[in-house]
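Notes follow the structure.
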Amino acid sequence: MKVWIKALLILVVVIVAVKVSAYAATGTTHLGFAMQSGSMEPNMHVRDLILIQSPQRTNIITCEDGKIHDYRSFNDYGDVIIYQPNGISSATPIMHRAISWVEKGEEMPNGEPAPHEGYITKGDNNPSPDQSGLGIEPVKPEWVIGVARVRIPYLGHLFKGVGGTVIIYAGIYAIIVACLMRKKKKRRVKKK
């Protein structure tokens with residue numbers, strides 16, 4: 001079998017193994033997100049890679065509850081969640097801290113009654129919550145994509161978009177080809 005075909009098959013096996021392992025560990029096919037703004041400074045930075053866990057595999061703890069139970073995540077009370085604003089799947093996900101929970105009709109930070117129950121969220125570096133006039137409703141649990149768990153500095157730009165994925169796969173493929181070529185060369189030397 002030609003080296004490049006064998007390398008491609010190995011790459012497919014590696015990708016499947018990584019995806020299956022990641023899903024088994026985190027409960028989600030989204031492994032992580034690149035931090036795209038400074039809204040979570042100083043606890044998360046632009047270009048950080050943030051690894052996540054499925055919201056079905058954990059309880060989301062708000063900042064209010066975190067203070068009561070002394071629970072911190074990313075240097076502050078409560079969990080950081082990644083969510084689809086207003087449940088719009090085509091919108092860019094937002095990664096902000098869950099500040100509190102409101103029931104339908106309770107007062108939101110903008111003074112209006114909540115249209116439904118959900119999380120009030122805020123970027124650590126933002127002056128006010130997302131639900132303070134930005135047109136973002138309280139975050140329903142089904143809008144939450146994941147809960148931030150690990151920050152890896154500077155790797156976010158590598159995993160950003162299709163281009164980043166292609167670059168990573170191409171790099172892994174090149175390493176596999178190089179290893180197979182080296183192995184093939186060693187076999188030729190031993191035969192002589």
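Derivation of every value follows stated rules applied to the coordinates shown; laboratory data play no part. Predicted model only: the values in this text are computed from it and were never measured. Please note: Cβ atoms are built from the backbone with ideal geometry, for glycine as well, and neighbour counts cover all protein chains shown.
Please report the net charge: other residues with Cβ closer than 9 Å to the Cβ of PRO113, K and R +1, D and E -1.
That works out to -2.
Which far-off residues, 5 or more places away or on another chain, put their amide H under 5 Å from the one on ILE99, with H placed in the peptide plane?
Under 5 Å from the amide H of ILE99: CYS63, ILE120, THR121, LYS122.
Can you sort ILE52, ILE167, ILE136 by how many other beta carbons sit within 10 Å, fewest first?
Details: ILE52 23, ILE167 14, ILE136 19.
In increasing order of surrounding Cβ atoms, one gets ILE167, ILE136, ILE52.
Would you tally the net charge around TYR77, using a Cβ to Cβ cut-off of less than 14 Å, leaving TYR77 out, and scoring K and R as +1, D and E as -1?
Taking every other residue near TYR77 into account, the sum is -2.
If I fit a long axis through the Cα atoms of helix 161-191 and take the longest principal axis of the Cα atoms of the chain, what angle between them do I get, 0 to 90°, rounded to 10?
20 degrees
Taking neighbour Cβ counts within 10 Å as the exposure measure, how do TYR173, TYR77, TYR154 sort from fewest upward?
Listed from fewest to most nearby Cβ atoms, that is TYR154, TYR173, TYR77.
Using the Karplus curve 6.51 cos²θ - 1.76 cosθ + 1.60 with θ = phi - 60°, what ³J(HN,Hα) values do you get for each residue of the stretch 128-133, in whole Hz, with x for Gly and Pro?
My calculation for the stretch 128-133 gives 9, x, 4, 8, 10, x Hz in order.
What does the charge count near ILE99 come to, summing +1 for each Lys or Arg and -1 for each Asp or Glu among other residues with Cβ under 12 Å from its Cβ? Mind showing how you got there, number by number?
Working: positive: LYS67, ARG97, LYS122; negative: GLU64, ASP65, ASP76, ASP79, ASP124, ASP130.
In short, -3.
Show me, bin by bin at 5 Å from 0, the whole-percent P(r) of the stretch 31-155 based on Cα pairs.
Going out from 0 Å in 5 Å bins, the stretch 31-155 shows 2, 12, 22, 26, 22, 11, 4, 1, 0 percent.
Under 8 Å for C-alpha pairs, at least 6 residues apart: give me the relative contact order for the stretch 31-155, rounded to a whole percent.
The normalised contact order for the stretch 31-155 reaches 31 percent.
Can you find, among ILE68, ALA170, GLN53, the residue farthest towards the positive end of the dipole of the chain? Put +1 on the C-beta of Lys and Arg, -1 on that of Asp and Glu.
ALA170
Taking amide hydrogens as modeled 1.01 Å from N in the peptide plane, which residues meet the under 5 Å criterion relative to ILE145, leaving out close sequence neighbours?
ILE82, TYR83, GLN84
FRET efficiency for ALA174 and VAL20, Cβ-Cβ distance as r, R0 = 25 Å, nearest 0.05?
Computed FRET efficiency for ALA174 and VAL20: 0.60.
Mind ranking 118-129, 79-90 by how tightly packed they are, going by the mean number of other C-beta atoms within 10 angstrom, highest first?
Listed from highest to lowest mean packing, they are 118-129, 79-90.
Only Lys, Arg, Asp and Glu count, each charged at its Cβ (+1, +1, -1, -1), so figure out the dipole size of the stretch 1-159 about its Cα centre, rounded to 20 debye.
1160 debye
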